[in-house]
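Worksheet: one structure, shown below.
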Amino acid sequence: NRLVRDLLQLGRVEAQEHQRPDTVVDLAAIARSVIDSLQPVARTAEVTIDSTGTTDPIRLYADPDQMVQVLTNLIENAIRYGSAPGGRVTVALKPQDGPLGPQVRLDVTDRGQGIDPRHVPRLTERFYRVDTHRSREKGGTGLGLAIVKHIVQRHRGRLLIDSEPGKGSVFSILLPRT
């Protein structure tokens, strides 16, 4: 069921990829909502979710459902794959100036085992998994980061992945602001 759901979602995102969203949303409010909804998952995994920059509104043109999907996927991945019991996941929003004007940076950081550099370029490929057994065991389909990549592209943003073995990972999204 998860695989079919993710494949359908990926198909919908790809079909809309050339249609830039025209709804103004508050990304900080969406982030707070997603963090709240994932607290039970974090508690079960014995992981704490911290956030910064989510108190003041951050407005941008975006599809609210797709932003929920992006945040859910990145935070859930950080909890399930990037954090050991007792670990922390940080969600940070930060308005900044970019080369094409104002933008917002969303960072989801874990302090887990990190990802070998040879895997990083392939993480957004469909069905690519760093650890196939562990991913299946935790319910992953191998499509989550592919979906994130296509959503970010639809929003005219960039997805950056920085990881160091033994130190953790940072998944960053840069999105244009209104």
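The values are calculated or read from the model by the stated rules, or taken from the named source; none is laboratory data. The structure presented is a predicted model; accordingly, all values stated were derived computationally and were not measured. Ideal geometry is used to build each Cβ from the backbone, glycine not excepted, and the neighbour counts take in all protein chains shown. Just the protein is used for accessible areas: all its heavy atoms, side chains included, with ligands, DNA and RNA removed. Shrake-Rupley method; radii C 1.70, N 1.55, O 1.52, S 1.80 Å.
The requirement of being among the hydroxyl-bearing types (Ser, Thr, Tyr) and either in a loop (DSSP other than H, G, I, E, B) or more than 15 Å from the chain's Cα centre (by Cα) (or both) is fulfilled somewhere in the stretch 20-27, by at least one residue. Scanning the stretch 98-128 for residues that are part of a strand (DSSP E or B) and modelled with pLDDT of 85 or more yields a count of 10.
Among all residues of the stretch 9-26, there is at least one that is modelled with pLDDT of 95 or more and surrounded by 14 or more Cβ atoms within 10 Å (Cβ to Cβ). Restricting attention to the stretch 36-92, the residues that are open to solvent by less than 70 Å² (accessible area, probe 1.4 Å), assigned to a strand (DSSP E or B) and among the polar types (S, T, N, Q) total 3. Here Phe171 fits the description: aromatic (Phe, Trp, Tyr), in contact with a helix residue (DSSP H, G or I) (Cβ under 9 Å, 6 or more places away or on another chain) and at pLDDT 90 or above. When Leu100 is evaluated against the numbered criteria (1) closer than 16 Å to Leu38 by Cβ; (2) touching a strand residue (DSSP E or B) at 6+ places or on another chain (Cβ under 8 Å); (3) open to solvent by 70 Å² or more (accessible area, probe 1.4 Å); (4) not aromatic (Phe, Trp, Tyr), which criterion, by number, is the only one it fails? For Leu100, the failing item is (1). Of the residues making up the stretch 78-107, those that are within 15 Å of Ile173 (Cα to Cα), in contact (Cβ under 8 Å) with a residue 12 or more places away in the chain and among the polar types (S, T, N, Q) are Thr90, Gln103.
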